[in-house]
Amino acid sequence: MTDVEARPNVALEIDDLTTVFRSRHGVVRAVDGVSLEVRKGEMLGVVGESGSGKSMLCLSIMRLVPGPAGRIESGRVRLGGVDLLRLTEAEMRQYRGRRIAMILQDPLMSLNPVYSIGNQINESLRIVHPGAGAKERVQKAIELLRSVRIPEPKDRLKAFPHQLSGGMRQRVCAAIALSGPPELLLADEPTTALDVTTQAEFLRLLRDLRDDLGVSIVLVTHDLGIVAQNCDRVAVMYGGRIVEEAPVRRVYSGPRHPYTALLLRSVPSLETQTLGSRLIPVDGTPPDLSQLPSGCRFAPRCPLADARCHAEYPPITEIESDHHSACWKPGEVASLLEV
Amino acid sequence: MTTAQPVMEIKHLTKHYATGSPWSLRKSRTVHAVDDVSFQLGTGETLGIVGESGCGKTTVSRVILGLVPPTDGQILFQGSDISRLSRRQRHDYRTEVQAVFQDPYGSLNPRMRVSDIILEPRTVQRRLGRREAKQLSGELLESVGLPGSMGTRFPHEFSGGQRQRLAIARALSVNPSVMVLDEPVSALDVSIRAQVINLLMDLQQERGLSYLLIAHDLAVVAHSSHRIGVMYLGKLVELGPSRDVVTHPLHPYTQLLLSAHPVPNPNVRPTPKQTNSELPSPINPPSGCRFRTRCPLAADVCAEREPEFRELEPTHWVACHMR
């Protein structure tokens, strides 16, 4: 099964992944030739708007793309040298929960309302550690709840999801995800349903999981602030493709794709010198995936676009070491920020 | 900017809800959704209200819109109490105060044409002739930055940002003086939010509108409001000019909100203040100051007496014993 030598620092390697959906408007390429690597022990931010393909990317990695309308068309997703897309469903089940786990946006939807949380943690422990006895599993469940900083974990095992606050529920989801414990954790908008103060605490928990347990995390979000303060590297998605990928500091200090630059410029901030001033919006609307432009997907909204941009899609290339951009004019992007 | 004359005055507004069904055999308990909240909205002003879920900010907007009656307290619109209006005056009040809600997918009837949707508040007042309707809908659409010819389309043909523009056009159709904006951009894509915020700010300039802007995103509120009110568990805990509230927040809860706000700058490391994050229940709020169970500064006095809402600095109000 090990078809390629696993690279030492890479936890997950995605190569030219394409996921398509059949719809009334024809075939929609939700993920379109995405290549990406998640390094060991890093938190990678995946930023994008609705329809950019960021959630579908996660589901494709887990091989949970909802069929029959959706399917993974091509590509490779390698975890430790093994291509997940070539595994049988039974083999894939050995990976889910054990080596890759996922946390979803709405903890109320991902927990079953009629089972106690102890019951639900136990369920995943039974699958992940089939050899463990009942007592051992209870101990393990308490440990897991403690590791996600739920106070009085022993008493909480009997609680039902509705008895917990949103932040606590999301911690329970994290505890279930950690039962493996996995080497890779996919967190799809994990804090969107939470309040800011709860969000800050949950993000701190994710940082600690990375720093203390060395879990590699993919944090999917639409919030540029969350990425800036928590992630090591960031991949920006637009219209099913990655348009920019680099270490966080580089992207925020010198974006090399117009979409990233304009997005950063348009976000209202708490910096006092700009309070009350006019925001500089990104013109136009996000692309309709069933009617994508033939050239660069951002070209219709891009102030730098010329004939070539409208005709040919720019491939993603490494413009400086470790800084990738899919733009024909990465050198001119800086000019967008001088206003 | 703000003029001396407030268009709206909220005095000691209180709204309690009873839990459970009125026919339930279980004892009903009281949810203190909003408790003794007072503020004024100036003409041409944007007042932002922030707070986490359950703080009562949406209840305040619903009472002001007349969708639910207050339990106690008064709402004065241009000096007169809205609970004592005649039928005719109430009708006028409902055209003067209009709303834009969070979800532009849920707030537009999918079976109506856009021109019918945006003119509906107008036709409640008086039936419009066909030519007049066409002209008006064109003008309204153009005023929110959409082509005037789009009136014959249906809502599903519009994107989220465009739908929110339609909701704004509908509110504008009766020339209101006050708009209640309840989370107007939080359902929109990040790249679209700035467009809608700018549109709202331009319309305010052109028409002298007063906005009550309710949102959970502190940056959106700080950016677009003249003043900010911070609510916690049904109470207004701080009120002041945006700049002052953001640069030197007086209430520990405002400080907590600000420290938890993710800043799009990787050089600023997150420094969330360590607190107990559990929000107490609004059914049985803590005695004295409601924030004391999460407050790093809490002392004995905070449990004994409720802090008075006072003007600590000119125009900057706070309810905290420790200040």
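The values are calculated or read from the model by the stated rules, or taken from the named source; none is laboratory data. Remember, predicted model here, so these are calculated numbers, not experimental data. For neighbour counting, all protein chains shown are included, and Cβ atoms are generated from backbone atoms with ideal geometry for every residue, glycine included. These accessible areas exclude ligands, DNA and RNA; they are computed on the full protein's heavy atoms, side chains included. Shrake-Rupley method; radii C 1.70, N 1.55, O 1.52, S 1.80 Å.
Just the residues that are surrounded by fewer than 24 Cβ atoms within 10 Å (Cβ to Cβ) and either more than 27 Å from A:M56 (Cβ to Cβ) or touching a Cys at 6+ places or on another chain (Cβ under 6 Å) (or both), please, taken from the stretch A:199-217.
A:E201, A:R204, A:D208, A:D211, A:D212, A:L213, A:G214
Among the residues of the stretch A:248-283, write down those that are touching a residue at least 12 places away in the same chain (Cβ under 8 Å), within 7 Å of chain B (Cβ to nearest Cβ) and under 16 Å from B:P266 (Cβ atoms).
Within the stretch A:248-283, A:V248, A:Y252, A:L263, A:L264, A:V267 qualify.
Evaluate the following for A:E13: is it open to solvent by 30 Å² or more (accessible area, probe 1.4 Å), free of Cβ contacts under 8 Å to residues at least 60 places away in the same chain, more than 29 Å from B:V185 (Cα to Cα) and in a strand (DSSP E or B)?
For A:E13, the condition - open to solvent by 30 Å² or more (accessible area, probe 1.4 Å), free of Cβ contacts under 8 Å to residues at least 60 places away in the same chain, more than 29 Å from B:V185 (Cα to Cα) and in a strand (DSSP E or B) - is not met.
Out of A:V220, A:V236, A:V243, which single residue is within 12 Å of chain B (Cβ to nearest Cβ), open to solvent by less than 10 Å² (accessible area, probe 1.4 Å) and at pLDDT 95 or above?
Going through A:V220, A:V236, A:V243 in turn, the sole match is A:V236.
Considering only residues of the stretch B:243-300 that are open to solvent by less than 40 Å² (accessible area, probe 1.4 Å), assigned to a helix (DSSP H, G or I) and in contact with a Cys (Cβ under 9 Å, 6 or more places away or on another chain), which is farthest from the other protein chains (Cβ to nearest Cβ)?
B:P252
Which members of the stretch A:107-122 meet the condition of being under 25 Å from the mean Cα position of the chain (by Cα) and surrounded by fewer than 16 Cβ atoms within 10 Å (Cβ to Cβ)?
Listed by number, the residues that qualify are A:L108, A:M109, A:N112.
Counting only residues that are open to solvent by 70 Å² or more (accessible area, probe 1.4 Å), free of Cβ contacts under 8 Å to residues at least 24 places away in the same chain and more than 26 Å from the chain's Cα centre (by Cα), how many does the stretch A:301-330 have?
So the count comes out to 4.
Restricted to the stretch A:260-278, and to residues that are part of a helix (DSSP H, G or I) and open to solvent by less than 50 Å² (accessible area, probe 1.4 Å), which residue is farthest from A:L57 (Cα to Cα)?
Selected residue: A:T272.
For residues in the stretch A:144-182 being closer than 17 Å to A:V114 by Cα and among the basic types (K, R), which is most open to solvent (accessible area, probe 1.4 Å)?
Taking the candidates together, the pick is A:K158.
Which condition breaks for B:L218 when tested against (1) at the interface with chain A (Cβ under 9 Å from one of its Cβ atoms); (2) without any contact (Cβ under 8 Å) to a residue 60 or more places away in the chain?
Looking at each condition in turn, B:L218 falls short on (2).
Which count do you get for residues in the stretch B:301-323 that are assigned to a loop (DSSP other than H, G, I, E, B) and touching a Gly at 6+ places or on another chain (Cβ under 9 Å)?
Residues in the stretch B:301-323 being assigned to a loop (DSSP other than H, G, I, E, B) and touching a Gly at 6+ places or on another chain (Cβ under 9 Å): 5 in total.
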